[in-house]
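None of the figures in this text is laboratory data; all of them are computed from the coordinates on show. What you see is a predicted model; the values in this text were computed from it and never measured. Don't worry about glycine lacking a Cβ; one is built from the backbone with ideal geometry, like all the others, and counts go over all protein chains shown.
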Amino acid sequence: MPPETDNLKLEEIFSEDQRDRERVYDTPEDVSKLKERDKNRRKRIYVMMDLGEVRTKRDLYHAAVILQHGDDPSDFLTSHRLAALAAILGHRTSRWLMAAALDRYLMSIGQGQVYGTQFEYNPADKRYQLKLPVLEALILPFEKETLGVPAVNDRLAQLNNQLQKK
């Protein structure tokens, strides 16, 4: 049974990661710097995992979010696994992350996403767009709702409204 105490250092790394996602990076230099910070955070998470320091449902969720910002299929698959464990332990937001990490993993190995959670910023239009293909026919009708995955059009509107506020 996991302990009740969350890893405060992991929470700090998670907060850094989330602060990095508060803006759009539209220059190659800025994207490169973000990727380097993401890589350093992932290294720290893998060390914590090796040391057994990722143990609570919140730890699992925080680690999964950071690995979701990886660059290798193994990062995305590990994110999916950790999010699934957190969800099983009762962390509700992890249900969505479990779907998103699976979509990202599938796309990273050349397959279509199934939940429609992956979007990309189009700098020419200054808007987000859905990454294709989406193989929604592979999921059960109630699956997205159960996992807390919003409809694609609702999520696109939310992402693009956030751009207008920045």
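Details
- Test: residue in the range 130-148 that is touching a Ser or Thr at 6+ places or on another chain (Cβ under 6 Å) and not polar (S, T, N, Q): no
- Looking only at residues in the range 72-125 that are in contact with a Lys or Arg (Cβ under 7 Å, 6 or more places away or on another chain) and among the aromatic types (Phe, Trp, Tyr), the one that is farthest from Asn40 (Cα to Cα) is Tyr115.
To keep it simple, each residue is scored yes or no on (1) out of contact with any Cys (no Cβ under 9 Å at 6 or more places or on another chain); (2) under 28 Å from Asp59 (Cα atoms); (3) among the aromatic types (Phe, Trp, Tyr); (4) surrounded by 12 or more Cβ atoms within 10 Å (Cβ to Cβ).
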site	(1), (2), (3), (4)
Thr93	yes, yes, no, yes
Val114	yes, yes, no, yes
Phe119	yes, yes, yes, yes
Ile139	yes, no, no, yes
Glu145	yes, yes, no, no
Val149	yes, yes, no, yes
Lys165	yes, no, no, no
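- Subset of the range 58-71 [crowded, with 18+ Cβ neighbours inside 10 Å and not in a helix (DSSP H, G or I)]: His69, Gly70
- Matching residues, the range 122-137, being surrounded by 11 or more Cβ atoms within 10 Å (Cβ to Cβ) and in a helix (DSSP H, G or I): Glu136
- Taking residues in the range 118-144 that are touching a residue at least 12 places away in the same chain (Cβ under 8 Å) and more than 14 Å from Leu159 (Cα to Cα), and partners anywhere that are in a strand (DSSP E or B) and not charged (D, E, K, R), the pairs with Cβ atoms closer than 8 Å and at least 6 places apart or on different chains are Pro133/Gln113; Val134/Gln113; Leu135/Gln113.
- Top-ranked residue of the range 1-17 - restricted to ones that are part of a helix (DSSP H, G or I) and free of Cβ contacts under 8 Å to residues at least 24 places away in the same chain, ranked as nearest to the chain's Cα centre (by Cα): Ser15
- Scanning the range 24-57 for residues that are surrounded by 12 or more Cβ atoms within 10 Å (Cβ to Cβ), touching a residue at least 12 places away in the same chain (Cβ under 8 Å) and either closer than 24 Å to Asn122 by Cβ or among the aliphatic types (A, V, I, L, M) (or both) turns up Val24, Leu34, Lys35, Arg37, Asp38, Ile45, Met48, Met49, Val54.
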